[in-house]
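The values are calculated or read from the model by the stated rules, or taken from the named source; none is laboratory data. Remember, it's a predicted structure, so these values are computed and weren't measured experimentally. Quick reminder, even Gly has a Cβ in these numbers, built from the backbone with ideal geometry, and neighbours come from all protein chains shown.
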């Protein structure tokens with residue numbers, strides 16, 4: 001009987017902990033900490049993403065960028081056991097323009113900076129390293145040059 005109660009208590013505790021971890025992703029504190037990394041760029045939009053662990057799990061958003069502006073996308077995640085958040089930027093033809101991860105260097109970057117040379121729709125892709133899933137936010141900012 002005691003073992004059954006212990007198992008139930010552990011399951012309830014695990015569920016509550018998981019809910020609390022995911023709730024942090026949507027919290028204002030999490031967003032404020034990440035937004036501070038914009039530095040001198042003007043905040044445009046925050047993209048919250050929560051992905052379950054599965055092969056090829058990703059989320060894609062689109063945004064119109066303007067020629068002559070410099071954009072920054074800051075990647076923030078919960079630093080949980082899941083993989084790091086990877087944000088990739090694609091042009092209107094879905095050609096990779098920039099990413100917060102370099103597979104050649106096997107290195108993550110906290111943000112990507114993109115000086116826009118052509119006005120148009122760009123696609124922002126969010127995924128987690130190793131298809132592990134996780135919770136994170138991508139913050140888009142700009143600076144008119």
Could you tell me whether residue 26 is over 19 Å from residue 119 (Cα atoms), surrounded by fewer than 14 Cβ atoms within 10 Å (Cβ to Cβ) and either more than 11 Å from the chain's Cα centre (by Cα) or at pLDDT 85 or above (or both)?
-> yes
Among (1) more than 17 Å from residue 132 (Cα to Cα); (2) modelled with pLDDT under 95; (3) more than 12 Å from the chain's Cα centre (by Cα), which single condition is residue 110 missing?
-> (3)
Considering only residues of region 32-46 that are surrounded by fewer than 13 Cβ atoms within 10 Å (Cβ to Cβ) and assigned to a helix (DSSP H, G or I), which is modelled with the highest pLDDT?
-> 36
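State yes or no: is residue 101 at pLDDT 80 or above, over 13 Å from residue 139 (Cα atoms) and buried (at least 16 other Cβ atoms within 10 Å of the Cβ)? I'd like the intermediate steps shown before the answer.
Details: at pLDDT 80 or above: yes; over 13 Å from residue 139 (Cα atoms): yes; buried (at least 16 other Cβ atoms within 10 Å of the Cβ): yes.
The answer is yes for residue 101.
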Across (1) modelled with pLDDT of 95 or more; (2) over 23 Å from residue 37 (Cβ atoms); (3) surrounded by 14 or more Cβ atoms within 10 Å (Cβ to Cβ), residue 95 clears everything bar (3)
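For residue 126, indicate whether it is surrounded by 20 or more Cβ atoms within 10 Å (Cβ to Cβ) and over 16 Å from the mean Cα position of the chain (by Cα).
Numbers: surrounded by 20 or more Cβ atoms within 10 Å (Cβ to Cβ): yes; over 16 Å from the mean Cα position of the chain (by Cα): no.
No.
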Within region 70-85, which residues are closer than 12 Å to residue 108 by Cβ, out of contact with any helix residue (DSSP H, G or I) (no Cβ under 6 Å at 6 or more places or on another chain) and at pLDDT below 80?
-> 79
